[in-house]
Amino acid sequence: MQYSEKVMDHFAHPRNVGEIENADGVGTVGNATCGDIMQMFLKIENDVIVDVKFKTFGCGAAIATSSMATELIKGHTVKEALELTNKAVVEALDGLPPIKIHCSVLAEEAVRAALADYYTKIGREIDFEVPEKDEEACHIIPEE
Ligand code: FES
């Protein structure tokens, strides 16, 4: 299996790893197929994502895509982050082998789940699609 240099770089040196205490939005999603889990923490000020951190318990492609996803949304507005697609993340990484594309879905879903949590916390109506708990590929894992 051939990974791009960017994938290898983000896998070996993932950006924004960790947790944010008192995050404004936290999203945890899991991939039902492989059991991998991704958690995303957002710090949001005036609807701008001022900080983002992630923890991924998963394969190399999942780590690389979460790392790239954090870079793509950091400093951007909530609205812009909602437009992030797994395709954009894969493109930013110069591609993934077809068999690993499903791993990139976790990143998109984790961002959405964290933003849904933010909307709930500030009492804003969620007007975008949130991963369902019983969905085939990805699902939200409720916080303890
Ligand atoms: Fe599970 Fe990649 S194999 S996310």
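Determine ³J(HN,Hα), in whole Hz, for all residues of the range 110-124 in sequence, where each value follows from phi through the Karplus function 6.51 cos²θ - 1.76 cosθ + 1.60 and θ = phi - 60°; x replaces Gly and Pro.
Those phi angles translate into 5, 4, 5, 5, 5, 5, 5, 5, 4, 4, 4, 4, 8, x, 9 Hz.
Nearest 0.05, what FRET efficiency do K6 and E125 give at R0 = 25 Å with Cβ-Cβ as r?
0.10
Using the alpha-carbon atoms, what tilt in degrees (0 to 90, nearest 10) does helix 60-73 show relative to the longest principal axis of the chain?
40 degrees
Would you compute, from DSSP H runs of 4+ residues alone, the mean residue ellipticity of the chain at 222 nm, taking -39500 (n - 2.57) per run and dividing by the full residue count, rounded to the nearest 500?
About -12000 deg cm²/dmol.
Could you work out what % of the accessible surface of the range 19-99 is carbon and sulfur, using a 1.4 angstrom probe and leaving DNA, RNA and ligands out of the count?
Here it works out to 51 percent.
Counting each pair of different Cα atoms once, what's the Kirkwood radius of the range 60-137 in Å, rounded to one decimal?
13.0 Å
If the cut-off is 18 Å between C-alpha atoms, which lysines fall inside it for K121, apart from same-chain ones fewer than 8 positions away?
List returned: K43, K79.
Counting heavy atoms of the protein chains only and a 1.4 Å probe, report the per residue accessible area for the chain as a whole number of Å².
Per residue, the chain has 52 Å² of solvent-accessible surface.
Would you mind counting up the charge near R15? Only other residues with Cβ under 14 Å from its Cβ, with Lys and Arg at +1 and Asp and Glu at -1.
+1
For A61, what charge total do you get from the other residues with a beta carbon under 15 Å from its beta carbon, if Lys and Arg give +1 and Asp and Glu give -1?
Summing Lys/Arg as +1 and Asp/Glu as -1 gives -4.
Roughly speaking, what is the stretch gain from I99 to V17, that is 0.36 nm per residue apart minus the C-alpha to C-alpha distance, in nm to one decimal?
Taking 0.36 nm per residue and subtracting the Cα distance, the gain is 27.0 nm.
The values are calculated or read from the model by the stated rules, or taken from the named source; none is laboratory data. Since the structure is predicted, the reported quantities are computational estimates derived from the model, not experimental observations. For neighbour counting, all protein chains shown are included, and Cβ atoms are generated from backbone atoms with ideal geometry for every residue, glycine included. These accessible areas exclude ligands, DNA and RNA; they are computed on the full protein's heavy atoms, side chains included. Shrake-Rupley method; radii C 1.70, N 1.55, O 1.52, S 1.80 Å.
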